[in-house]
Amino acid sequence: MNMRFDAAVIGAGVMGCATALFLARGGMRVVLLDRGEICREASGVNAGTLTMQMTRAALIPYALRAHEMWMNMPAWCAGGDVLATACPGLSVAFTDAEAAMLEERARIRREAGAPIELIDGRAAQAIEPGLADGVKLAGHCPIDGFASAYLTGRAFRAALQEAGVTLMEATPVRGIDGRFMLDTSAGAVAAQRVVLAGGVWLQDMAAWLGVTLPIKVLINQLVVTERMPPVMRTVLGVASGLLSLKQYANGTVLIGGGWQGIGDRARGGVAVRSENFLGNVRLAAHTVPALRQARVVRSWLGLEAETADALPAIGPIPGIDDAWIIGSVHSGYTSGPYMGRILAQAILGDAPELPLFPIDRLLHQRSNSA
Amino acid sequence: MIFDVAVLGGGPAGMAAAAEAARGGARVVLLEESPAPGGQVYRAPPAGFEMKPDRDRQEGDALRAALAASGADIRTGCRVWGLGGGPLVPEGQFDAPFSLSALSADGAPFTVQSRALILCCGTHERIIPFPGWTLPGVIGLAAATILLKAQGILPGQRVVVAGAGPLLYAVAAKILAGGGSVAALIDAATPGEWLRALPALSARPDLLAQGMAWRAKLLAARVPVLTGAQVTAAEGNKVLSHVRVAHRVFEADALCIGHGLVPATEASRTYRARHVHRPEDGGWVPVLDTAQRTSVPFLYAAGDGAGVRGAAAAPAAGRLAARTALHDLGFSLAYASEEDAALKRARRTGAAMARMMTLRPAMVAAIPAETIICRCEGVTRSEIEKAAAAGANTINQLKHFTRCGMGPCQGRMCGEAAGALLAAARGVDVAELGFATGRIPLRPVPMASILGDFDYADIPVPAPAPI
C-alpha cells in the first residue's frame with residue numbers, strides 16, 4: 001500500500017480526531033492513524049469532566065470555548081454525540097487548609113475568566129442537596145458539566161468519514177523517514193505534513209524526528225458504581241482537585257480525581273491500586289454520603305501526559321518544517337476539541353483564535369542561576 | 001504475616017490444593033466466597049441443615065475433612081474484591097508478594113499476602129439468550145443445582161430442564177428425587193454426540209454409571225426427552241408459564257437452562273497472565289504449562305477455571321498446582337506425585353463433557369434480532385450488530401459503543417453471546433476480539449462495607465496538581 005496525503009495525524013484521541021477533522025474540512029487530504037482503536041486510550045476512558053475548577057488557569061480561556069463545543073457537539077461533529085450535559089460545578093473545602101487553597105485557586109481561575117464565586121456550605125447544599133454537612137467553603141461555577149467519554153470515538157467516527165478523513169485503526173506507526181514517509185504495519189504512508197498526537201506516547205513519536213521531549217506519564221484511576229437513584233445533580237470536586245464526582249442520566253456515579261494506579265508508557269495501565277481505590281471512594285462517600293448505599297462495579301485506568309511545566313505541547317516542531325505536535329494538555333479532554341481546532345487553523349495557514357503552546361520552551365535546558 | 005501460598009476459591013481444586021500445600025509444610029490460606037468449602041458440585045448444606053448425603057456429598061466431605069486436618073487457614077464467607085502485588089508493580093520494580101483485599105463473613109475488611117497464589121475460581125454459566133430468557137422463573141442450571149444441593153429446594157413444581165452437558169441430567173434427576181415433576185428435558189446434543197463421547201466416558205466407569213442412572217430415572221418417570229433441540233422461547237405474563245420448543249409447547253413454572261460453563265478468569269486477567277481462546281475448554285483460559293503454572297511467576301491455576309474438565313479431575317489438578325508452587329518456592333517435597341494416571345483419566349472424561357458444552361454457533365445464529373443479550377444494560381442483538389457495522393472491532397470497543405457488559409454482572413452473563421455475535425458480524429474468529437481488561441473489583445462491592453471507619457483527615461490525599 002502506498003498513499004500520499006496532505007497531512008498524516010498520528011494518534012486518534014480527541015485531539016488527533018479534532019485536528020484531523022478540521023484539517024479535512026479546511027480542504028486537506030488527511031489520514032488519521034492509531035495503533036489501536038479510535039479514542040480507546042485516555043480520550044475514551046477519562047472521567048468526562050467538563051469543568052473549569054480542575055483546569056489550569058492558563059487553559060481556562062481554551063476550556064471555556066471547548067465547553068461550548070462539547071455542548072453543541074452534534075452541530076459541528078456530523079451528529080456525533082457524547083451526551084454532554086451542562087450543570088453547575090462545585091469545588092468544596094472541608095478544612096481550613098482546603099478553604100485557603102480554594103480561595104486562592106478560585107481567585108486565580110476567576111482572573112483567567114472562569115465565573116467562579118465563593119459560597120458557604122449552606123448555599124452549596126442548596127445547589128447540591130446531596131452534599132455532606134461540614135463544608136466550610138465552596139467554589140461555585142455555573143459553567144460546568146460532563147460527557148460520557150466512552151462515546152467519544154463513536155461520536156467522531158461519522159464526522160471523520162463525512163469529511164473524507166482516511167481512518168487507519170490498528171495500524172501502528174513504527175517510524176518516520178524523510179519528509180514524511182511513515183513506516184506503518186500496513187506499509188508506507190506518505191504525507192506532506194505530519195501531526196504527532198500520541199498522548200503519553202508523544203515522547204516516543206518525537207524521538208522518530210530526532211526531538212527529545214520528556215513526557216511524564218500519569219496513571220489516573222477511575223471507579224464507577226452501579227445504577228442508583230439520583231443522589232446528586234452537579235459536578236462535585238474538592239479543593240485539592242483530587243475528587244471528581246458526577247451522576248449520569250443512567251444512574252451510575254463516576255468517581256475520579258486523578259488517584260494514581262500502576263502503569264507506564266510501555267505496559268499501559270497495569271493495575272488499579274486497591275489502597276488508592278479505597279482512598280478515592282472514601283473521599284467520594286465523605287462528600288456525598290448517599291454514595292454509601294452504592295455498589296462499586298468497575299474501575300479502570302487512563303494514561304495522562306504531562307510536560308515538564310505541566311502546560312500543553314501544541315504547535316510546530318522546531319527545526320522540522322511541516323511537523324506539528326499536540327498533546328499534554330492538563331484536563332485535556334475538557335479542552336481537547338478546541339485545541340484541535342486552533343492547531344488545524346495554524347496548519348492551514350490561518351492565525352489561530354488563541355495562541356498555541358510552542359514546545360521550544362521544553363526542548364532546551366535553561367539555566368536558572370539567578 | 002506473609003503466607004507461602006494463598007488459594008483463591010474453595011471448590012474441589014482449591015480444597016485439594018490448600019490441603020496439599022499445607023501437608024507439604026507451607027503456611028497456607030484458602031479464601032472462599034461460600035459459607036463452606038465445596039464448590040458447586042461438592043456443595044455443603046448450610047450449618048444445621050440436614051440432608052441425605054449423596055455420592056457428591058461423600059466425596060466433598062472427604063475433601064473437606066482433609067482440608068480441615070491440613071492446618072490451612074480457611075476463610076469462608078469472604079468476598080475478595082481487590083488484587084495486587086505479583087507482577088502488578090511499577091516499572092523496574094521486582095515482583096511483590098500477592099495481595100488480596102477482602103471482606104470477611106461479618107463484613108470486616110482484611111488483606112492477605114502470599115508468596116504464591118493458586119487460582120481455583122471455577123466457572124460461571126453460559127446462557128445463550130432466547131426470547132423470554134429474562135422472565136422470572138427462568139434460572140440457570142447452575143443456580144438450580146445450588147437450590148437442590150444446598151437445601152433441597154425445587155426450582156418449581158413443573159420444570160423444563162434445557163441446555164447442554166451432563167448437568168442437564170443431574171438437575172432433572174434431582175428434581176424428580178425431590179418430588180418435583182420435569183415437564184421436559186431439552187438436550188442440545190444429539191444422540192450421535194453422546195455416542196461419540198462414550199469411549200471417553202468409559203475412562204471413568206463410575207461417572208458413566210451415574211449418568212446412566214440419571215437417564216434411567218427420567219425414563220421411569222416418562223419425562224419427554226428431546227435431543228438435538230433447543231428452547232425457542234420462554235413465555236408468560238410477567239412470570240414464566242410456557243416453554244416453547246419449535247412447534248411444541250410445555251406448561252412450566254420454571255425453566256432451568258444452561259449451555260455450558262465458562263472459566264472464571266477475572267483474577268488471571270487482572271494479573272495479566274497470558275490467555276488463549278479454546279472453545280473446547282470453555283472459552284478464554286490462562287495459558288498453563290504441564291505443572292499448572294501460568295505465564296506469571298508464582299501464579300498457578302487449577303480446576304475448571306483453568307479449562308473445564310469437571311469436578312472429578314479438579315482435585316488432582318489442585319494437588320499438582322500445590323506441589324509445583326511448593327517446588328518453585330524452594331520447599332523440598334518428601335513424596336512424589338502419585339495420581340497422574342487418575343488425573344489423565346478424569347481429564348479425558350471431563351474433556352468429552354466439555355466438548356458437549358462448547359458454545360454452539362448455530363444456537364447464537366438463531367437468536368432473534370430484538371432479543372436482549374446484555375440484560376444489565378438492555379442491549380439487543382441488533383444493537384450489537386449495528387455497533388459492529390459502525391466500527392466496533394473488539395470486545396472492549398463494543399462496551400464503548402453499546403454499554404454491553406458494563407452492568408453489575410461485569411460481562412459474565414452476556415460476554416459469550418456478545419462475543420460470538422460480534423465475531424460473526426465481523427466475520428472473524430472470537431479470539432480476535434480480545435477479552436475485557438481485568439480490573440478490580442473482582443465482584444461488585446457494597447461501598448459501605450469497604451469504606452470502614454475513617455477520619456477525613458486520614459484519607460491520604462495526594463498533592464494537588466499545579467494551578
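Read-outs throughout are calculated quantities, based only on the coordinates presented, and are distinct from any laboratory measurement. The shown structure was predicted, so the numbers you read here are calculated from the model rather than taken from an experiment. Positions of Cβ are generated from backbone atoms using ideal geometry, with glycine treated the same way; all protein chains shown enter the neighbour counts.
Neighbour counts of other Cβ atoms within 10 Å put B:1, B:363, B:413 in the fewest-to-most order B:1, B:363, B:413.
Approximating the spin labels as points 7 Å out from Cα along Cα→Cβ, the residue A:120-to-residue B:158 distance works out to 7.0 nm.
Students often get this wrong: which residues of the stretch A:124-138 have the backbone nitrogen under 17 Å from the point 7 angstrom along Cα-to-C-beta of residue A:103? In the stretch A:124-138, the label zone of residue A:103 (backbone N under 17 Å from the point 7 Å along Cα→Cβ) covers A:135-138. Spacing of the modelled spin labels on residue B:331 and residue A:86, each 7 Å from Cα toward Cβ, amounts to 6.6 nm.
Scaled to the globular estimate 2.2 N^0.38 Å, the Cα spread of the stretch B:1-66, given as radius of gyration, is 1.16. Restricted to Cα atoms, the protein assembly as shown shows a radius of gyration and a Dmax of 28.9, 98 angstrom.
Here is the list for the stretch B:1-57: chymotrypsin sites (Phe, Trp or Tyr not before Pro) lying in DSSP coil, each with at most 14 other C-beta atoms within 10 angstrom of its C-beta, are B:49. Stretching residue A:4 away from residue A:133 to a fully extended chain increases their span by 40.3 nm, per 0.36 nm per residue minus the current alpha-carbon distance.
Counting only trypsin sites (Lys or Arg not before Pro) that DSSP places in a loop and that have at most 13 other Cβ atoms within 10 Å, the longest clean stretch of chain B runs over B:1-221. Among the chymotrypsin sites (Phe, Trp or Tyr not before Pro) within the stretch B:287-352, those in coil by DSSP and having at most 14 neighbouring Cβ atoms inside 10 Å are B:335. Per-residue Karplus couplings for the stretch A:322-330, computed as 6.51 cos²θ - 1.76 cosθ + 1.60 with θ equal to phi - 60°, are listed in order as 6, 10, 10, 9, 8, x, 6, 8, 4 Hz, Gly and Pro entered as x. Of the chymotrypsin sites (Phe, Trp or Tyr not before Pro) found in the stretch B:426-467, those in coil by DSSP whose Cβ has at most 14 other Cβ atoms within 10 Å are B:454. Using R0 = 41 Å, the C-beta based FRET efficiency linking residue A:267 and residue B:429 works out to 0.95. Across peptide B:86-96, the average count of Cβ atoms from other chains found within 10 Å of a residue's Cβ is 3. Centroid-to-centroid, using Cα positions, the stretch B:75-153 and the stretch B:232-299 are 15 Å apart. If both residues of a DSSP beta bridge must be in the protein assembly as shown, then about 60% of such bridges are antiparallel.
Between residue A:162 and residue A:354, full extension at 0.36 nm per residue minus the direct alpha carbon distance yields a gain of 66.4 nm. With N counted as the residues of the stretch B:367-433, its alpha-carbon radius of gyration over 2.2 N^0.38 Å works out to 0.94. Of the cross-linked pairs A:246/B:399; A:136/A:246; A:136/A:216; B:174/B:344, those separated by over 27 Å at the C-alpha level are A:136/A:216; B:174/B:344. In the distance distribution for chain A, Cα-Cα pairs more than 40 Å apart total 14 percent. A Cα-only calculation for the stretch B:237-379 places Rg and Dmax at 19.9, 64 Å. Taking 7 Å steps out from each Cα toward its Cβ at residue A:177 and residue B:68 produces label points 7.3 nm apart. Sorted ascending by nearby beta carbons within 10 Å, beginning with the fewest, B:353, A:181, A:54, B:15 become A:181, B:353, A:54, B:15. Counting only DSSP beta bridges with both residues in chain B, tell me the antiparallel percent, nearest 5. About 50 percent, rounded to the nearest 5. Extension gain, residue B:238 to residue B:454, is 73.3 nm, computed as 0.36 nm per intervening residue step minus the present C-alpha separation.
With pairing defined as another cysteine C-beta under 4.7 Å, the cysteines of chain B that fail it are B:78, B:120, B:121, B:256, B:376, B:409.
Which residues among the stretch B:111-131 fall inside the zone where the amide N is under 17 Å from a point 7 Å beyond the Cα of residue B:287, along Cα→Cβ? Counting only backbone N, you get no residues. Taking the DSSP bridge list for the stretch B:127-259 and keeping only pairs wholly inside it, about 30 percent are antiparallel.
Using the Cβ-Cβ distance between residue B:177 and residue B:389 with R0 set to 35 Å, the FRET efficiency works out to roughly 0.10.
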